[in-house]
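Participant: Pasting a structure below so you can have a look.
The values are calculated or read from the model by the stated rules, or taken from the named source; none is laboratory data. Given the structure is predicted, the values throughout are model-derived calculations rather than measurements. With ideal geometry, Cβ positions are generated from the backbone for all residues, glycine too; neighbour counts draw on all protein chains shown.
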Amino acid sequence: MSRTRRLTCTLAFLASAQIATAAVRRRSDDETIQPPTDRRRRDRELQNVPSSLLTKNHSTKLSCTSTQQLFTLNLQTDGFGRETSWSLQHISEEGRTYVGYGPPEGVRYGDLTIYSFEYCLERGESYLLGVEDDFGDGMCCDRGYGGYEFSLGNTLMYTSDFEKTFNDYVEHTFTVGEVYTRIPTRLPTPKPTMAETNSPTITVEIGDPTASPITPTKRPTTSPTTLSPSNSPSFSPTPLPTLRPTSKPTPSYDTLNPSNGCYGGDVKITVEVRADEFSNDTSWHIIDYHTGDKVMKQRGYTFQQYEYKMKEMCVKPGLYNFTIWDEYGDGICCRYGEGFFKVSLNGELILSGGSFNKNVSEVLNVGYDPSGYMSQRDVDYLEAHNSRRKDWHERYNLTYVPLRYSPALAKDAQDWAEELLHACGVVGIEHEDYNPFGENLAKNVGKNGWGQLYPADSIVGRWVEFEVGLPYPSNGHLTQVLWRASHYLGCGESAKEYRGGMCRVQVCRYGRAGNCDMQGFNATYGENWLIPMLNNYTRCGPNCPPEGCF
């Protein structure tokens, strides 16, 4: 169906949609959702190109200062509005802080209802907008024509155009005050040979998951826990850690490092991009995180259709920001070609993708070495995970993807483990709300052996070997440990004396998160859970841990 034909049926459907607006001042915790009225019901005329929710149904209520710019978010829920949520965060060197989110606590959005939100955002600052559908089928179109769009000032930055643009979660990163390009109005024609799909696929050899299990050294007595990580779209703000101090001597810049071709302690950044059919839309750059100076770039209108380009450069260790754009807002994969981007440090892949909307922007922590933060217990947790990942990944003839240890994830895990000590007498154990990362939990309470400190290998064995042969979601710990698209791990533990014995809590967090692609693969049927678990791509959670990709 062409975009024009799709729009025709969309407009007819929207005649019955309700409208609700909310003007929200920045830094306010109160959101007032006005009830819909007949006078404010949606009234759109058919046009040759998709028109904006903003231009038809919104009147500005906020007045921003000269150092601010008006941000407007409009979203229309589908037939299951209770599944929709969103958050807007301010991104700074100290981490991420909430500007706003919805729906408010204890409230659900109505079905087929339009909501509008306004904020005055500071010029020169960066922000992240995230939108989630809890069920995993997006906001359009099988269960009603939902969608969303946002603008800065009078410029429409993005519109989903009442098409299905995501499944579980999508995010947009932008800087206020940059030169904006309005959404183009071209109607692209799909390349006939390209499959029209929003989700990457993987072909794996489905075998018996119980083959060659690893036998744990000791049966742990941890309590059963909730099986899947939190699916909240919100982020827990975590300050970027200071780069690890090192006592190593600074290499001479007259000395060539034969391992990467760089001088001294420089690190080689490699950026690979394959464009899709609409290659002129694609551009990217890497800038110094602190100074804003451009280090590497590829301008728009420099790619041919489906062209592959690679650029390399030696840079000093530090924080950098990588951003890739698609001018039209439909990414570089997979509707109009199998485009992709890859970022590597000294030949090791740290960031990749292709299925996004307007842009992807991530912090690169170049030269970051977390080993100085790791205790022996941390090393044990990492080895316990990676030995099992290697076994399972290679069992299905796939390249083994090891986890890297993230001190920032470990700190967050430690904080939650400490919090859970308040519930030692409660049966079961709870995941933290608004945690975007994957999470496995365990707890053991009692006297003598029941309250002992178990080896990390035994705890991870409880999550993996004890769930071999179980269907999903009963094997939700196993799938998270082995989730091939996860690249980072951080674990924390807590303990206290309790009723003459000990109460111990173990928390491990994973980036990216596992298990939240399962519904799209009908994972509860047979061994279908193996397909998303062994995929090398996922839409789940942030690409990088809080300290950036490394």
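Participant: Restricted to region 118-146, and to residues that are hydrophobic (A, V, I, L, M, F, W, C) and closer than 13 Å to Thr84 by Cβ, which residue is farthest from the chain's Cα centre (by Cα)? Don't jump to the end; show me each part of the working.
Facilitator: Filtering region 118-146 down to residues hydrophobic (A, V, I, L, M, F, W, C) leaves 120-121, 128-129, 131, 135, 139-141.
Now drop any that are not closer than 13 Å to Thr84 by Cβ, which leaves 131, 135, 139-140.
Numbers: Val131: 11, Phe135: 16, Met139: 18, Cys140: 20 Å.
Result: Cys140.
Participant: Hey, could you check region 402-418 for residues that are in a helix (DSSP H, G or I) and among the charged types (D, E, K, R) and say which is farthest from the chain's Cα centre (by Cα)?
Facilitator: Going through the qualifying residues, I end up with Glu418.
Participant: Taking the condition of being surrounded by fewer than 20 Cβ atoms within 10 Å (Cβ to Cβ), within 27 Å of His422 (Cα to Cα) and of a type outside the set (Lys, Arg), how many residues in region 495-520 meet it?
Facilitator: Result for region 495-520: 6.
Participant: Shifting gears a bit: Mind listing just one residue for me: the one in region 253-300 that is of a type in the set (Lys, Arg) and either within 24 Å of the chain's Cα centre (by Cα) or part of a strand (DSSP E or B) (or both) and, of those, surrounded by the fewest Cβ atoms within 10 Å (Cβ to Cβ)?
Facilitator: Here is the first cut: in region 253-300, the residues of a type in the set (Lys, Arg) are 268, 274, 294, 297, 299.
Narrowing further to those that are either within 24 Å of the chain's Cα centre (by Cα) or part of a strand (DSSP E or B) (or both): 268, 274, 294, 297.
Numbers: Lys268: 18, Arg274: 21, Lys294: 10, Lys297: 14.
Selected residue: Lys294.
Participant: Only residues that are surrounded by 18 or more Cβ atoms within 10 Å (Cβ to Cβ), aromatic (Phe, Trp, Tyr) and in contact (Cβ under 8 Å) with a residue 40 or more places away in the chain: list them for region 87-135, please.
Facilitator: Matches in region 87-135: Tyr101, Tyr115, Phe117, Tyr119, Tyr127.
Participant: Of Ala417, Ala408, which residue is in the same structural domain as Leu489 (by TED's automatic domain parsing) and in contact with a Gly (Cβ under 6 Å, 6 or more places away or on another chain)?
Facilitator: The match here is Ala417.
Participant: If you don't mind, there's one more thing I want to ask. Regarding Val427, is this residue within 18 Å of Ala495 (Cα to Cα) and modelled with pLDDT under 95?
Facilitator: yes
Participant: In region 415-437, is there at least one residue being free of Cβ contacts under 8 Å to residues at least 60 places away in the same chain, closer than 25 Å to Tyr498 by Cα, surrounded by fewer than 20 Cβ atoms within 10 Å (Cβ to Cβ) and touching a strand residue (DSSP E or B) at 6+ places or on another chain (Cβ under 6 Å)?
Facilitator: no
Participant: Of all residues in region 318-337, count the ones that are part of a loop (DSSP other than H, G, I, E, B) and either farther than 16 Å from Glu362 by Cα or hydrophobic (A, V, I, L, M, F, W, C) (or both).
Facilitator: 7
Here's the yes/no breakdown for (1) in the same structural domain as Val267 (by TED's automatic domain parsing); (2) out of contact with any Ser or Thr (no Cβ under 9 Å at 6 or more places or on another chain); (3) not in a loop (DSSP other than H, G, I, E, B); (4) not aliphatic (A, V, I, L, M):
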{"position": "Asn357", "(1), (2), (3), (4)": "yes, no, no, yes"}
{"position": "Glu362", "(1), (2), (3), (4)": "yes, no, yes, yes"}
{"position": "Asn365", "(1), (2), (3), (4)": "yes, yes, yes, yes"}
{"position": "Tyr381", "(1), (2), (3), (4)": "no, yes, yes, yes"}
{"position": "Asn386", "(1), (2), (3), (4)": "no, yes, yes, yes"}
{"position": "Asp391", "(1), (2), (3), (4)": "no, no, yes, yes"}
{"position": "Glu394", "(1), (2), (3), (4)": "no, yes, yes, yes"}
{"position": "Asn397", "(1), (2), (3), (4)": "no, yes, no, yes"}
{"position": "Tyr400", "(1), (2), (3), (4)": "no, yes, no, yes"}
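Participant: Still on this structure: What number of residues within region 152-164 satisfy the criterion of being within 22 Å of the chain's Cα centre (by Cα) and closer than 26 Å to Leu121 by Cα?
Facilitator: 4
Participant: While we're on this one: I need the full set of residues from region 435-489 which are assigned to a loop (DSSP other than H, G, I, E, B) and either under 19 Å from the mean Cα position of the chain (by Cα) or on the phi > 0 side of the Ramachandran plot (or both), in order please.
Facilitator: Asn435, Pro436, Phe437, Gly469, Trp483, Arg484, Ala485, Ser486, His487
Participant: Sort out for me the strands (runs of 3 or more DSSP E) sitting completely within region 94-150 that have 2 or more residues that are under 26 Å from Lys61 (Cβ atoms) and either among the aromatic types (Phe, Trp, Tyr) or modelled with pLDDT under 90 (or both).
Facilitator: On the way: elements: 95-102, 113-122, 126-133.
The strands (runs of 3 or more DSSP E) meeting that bar are 95-102, 113-122.
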